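Shown below is the structure under consideration.
The values are calculated or read from the model by the stated rules, or taken from the named source; none is laboratory data. Quick caveat, the model's predicted, so the values are computed rather than measured. FYI the Cβ positions are ideal-geometry reconstructions off the backbone, even for glycines, and counts take in every protein chain you see.
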């Protein structure tokens with residue numbers, strides 16, 4: 001569908017792409033990854049024509065429709081959001097008006113065959129465009145993205161930027177283009193909407209190119225990774241988790257090849273230098289000089305930077321009960337959020353708040369942070385407990401004219417320069433970067449700095465509202481490691497399930513003014529909810545799976561066949577392993593990285609071999625059980 005050939009993109013301070021080749025085929029499900037500034041967003045903008053290439057060609061098949069969601073939008077309208085979505089298929093609205101007009105004419109002249117035939121043709125076209133069901137489809141998409149029926153009747157310009165992004169996404173999904181290009185679609189979604197979108201995209205029949213820093217979302221929605229690396233594209237089969245493993249393997253192989261070549265170069269240069277002025281060795285010297293000139297240099301793997309160990313100041317041993325809410329009610333005018341809420345926070349709990357949008361998660365967090373007053377009830381703190389609160393927009397209060405270094409230094413006046421720099425380094429601020437003023441930092445950098453500031457002073461309780469929002473993969477890893485190493489108590493709201501699984505030991509579900517506590521991380525919470533649903537709908541509390549029966553009474557001929565097969569299977573498995581190894585060699589060969597067709601063929605063959613390999617293993621295990 002889309003073919004990029006020999007694409008070059010140059011900025012005054014950087015070359016993004018050089019002779020980049022890329023093919024996006026029908027039905028492709030691609031995760032686009034790469035370091036910050038590598039050109040992910042620029043690549044999508046070039047495909048839709050918002051940016052031009054400095055060299056090469058971009059070919060898009062005729063009649064291919066593209067839906068593009070940028071990171072930020074400024075669109076506004078006085079139309080309701082439901083009509084905004086329906087207007088994405090304007091021809092249906094025009095047909096609806098025409099049907100109404102013809103119906104009125106036929107009512108006055110019911111025997112007019114010309115009018116009847118025209119109405120039939122227009123109704124057939126209306127049905128082809130699914131005109132009768134479009135409104136319900138639009139409402140379904142908007143509802144999935146978190147809009148209530150009442151909100152669907154509200155004009156677009158009454159919503160904030162984050163909600164307008166949801167409307168823009170709804171318009172794309174409703175229109176069903178041939179290919180979706182989504183740049184960070186989950187940034188403005190809550191957990192429920194994110195899971196809905198994930199399910200929608202799993203069933204999506206068109207092509208998909210996705211930029212996202214949500215690992216779980218990538219794992220569940222894509223089947224290939226395109227990594228922008230060294231100004232070109234590297235292709236990896238599978239989801240994001242498989243990409244991480246494969247990238248490590250390729251990186252190790254590239255590093256070994258690079259070191260071997262560097263050794264060869266050093267030895268050759270040493271030979272040239274040693275015999276440069278000896279006439280008897282002139283021909284050998286010239287031969288080696290030419291060899292070096294023709295040598296295609298292997299670059300060292302860029303990969304991830306060396307892992308940084310995040311160390312944050314830890315609180316001392318606090319009271320066992322950190323805080324306790326008793327009989328708490330919270331209302332906003334006539335809107336009742338909580339009526340009779342009881343909650344006890346204990347030392348060492350790492351709590352994740354989950355639940356539908358508008359259920360009261362942020363309100364509960366704000367009440368604990370004491371930035372939102374209780375309507376009734378009481379909040380009692382443990383003796384000497386200190387708390388800290390990170391809100392999504394709280395970093396706007398940072399002193400923008402101050403430098404990164406001074407912010408942390410003023411927060412911790414007893415720290416010497418080395419301690420300040422080491423601490424900032426663990427949050428990815430190093431070298432001259434620490435002398436930058438806060439006002440010149442990106443949104444993600446400011447958010448990371450605000451977290452670093454908060455965590456630099458020990459607190460017994462930290463309250464976090466979407467701490468990983470707008471952060472790239474590496475920044476999320478840093479924040480995750482910092483929170484995971486925190487020995488105090490934590491309560492957080494996050495739609496990043498990877499983060500929730502890594503840092504929580506308790507999940508509290510907030511819904512309809514009530515809370516339900518689950519002692520475990522997010523995966524446990526999902527499992528427990530699923531078990532509860534099974535018990536509710538079937539009445540079964542335990543399921544017993546009987547083990548397969550042994551083949552003890554197999555007759556002689558069948559048993560002989562099984563014995564022969566049992567001997568042959570290990571050989572077949574070994575052959576399969578060798579064949580998979582050959583395809584892996586192709587995939588891991590740096591020389592093949594830019595040969596798209598070769599890579600695609602190797603990927604397809606490897607997948608077939610993997611399926612056969614698993615079938616053979618299952619057969620072997622089954623036969624071994626039969627003889628046990």
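Does residue 252 meet the test of being under 14 Å from the mean Cα position of the chain (by Cα) and either exposed (fewer than 15 other Cβ atoms within 10 Å of the Cβ) or under 30 Å from residue 509 (Cβ atoms) (or both)?
Answer is no for this residue.
For residue 306, all conditions in the list (1) at pLDDT 85 or above; (2) within 30 Å of residue 457 (Cα to Cα); (3) surrounded by fewer than 12 Cβ atoms within 10 Å (Cβ to Cβ) hold save one; what is the number of the exception?
That leaves (1) as the condition not met.
Quick check on residue 360: is it surrounded by 14 or more Cβ atoms within 10 Å (Cβ to Cβ), at positive phi and touching a residue at least 12 places away in the same chain (Cβ under 8 Å)?
Answer is yes for this residue.
Follow-up. Across region 23-38, what is the total count of residues that are crowded, with 21+ Cβ neighbours inside 10 Å and farther than 19 Å from residue 239 by Cβ?
0
If you scan region 199-208, which residues turn out to be buried (at least 20 other Cβ atoms within 10 Å of the Cβ) and touching a helix residue (DSSP H, G or I) at 6+ places or on another chain (Cβ under 7 Å)?
If the condition is that a residue be buried (at least 20 other Cβ atoms within 10 Å of the Cβ) and touching a helix residue (DSSP H, G or I) at 6+ places or on another chain (Cβ under 7 Å), then 201, 208 are the ones that fit.
So, one more: If residue 333 passes every condition in (1) surrounded by fewer than 16 Cβ atoms within 10 Å (Cβ to Cβ); (2) on the phi < 0 side of the Ramachandran plot but one, which one does it miss?
(2)
While we're looking at this one, here's another question. Within region 125-134, is even one residue in a helix (DSSP H, G or I) and crowded, with 16+ Cβ neighbours inside 10 Å?
Yes: region 125-134 contains one or more residues that are in a helix (DSSP H, G or I) and crowded, with 16+ Cβ neighbours inside 10 Å.
Say we look at region 574-604 and pick out the residues that are surrounded by fewer than 16 Cβ atoms within 10 Å (Cβ to Cβ) and touching a helix residue (DSSP H, G or I) at 6+ places or on another chain (Cβ under 6 Å); which of these is modelled with the highest pLDDT?
598
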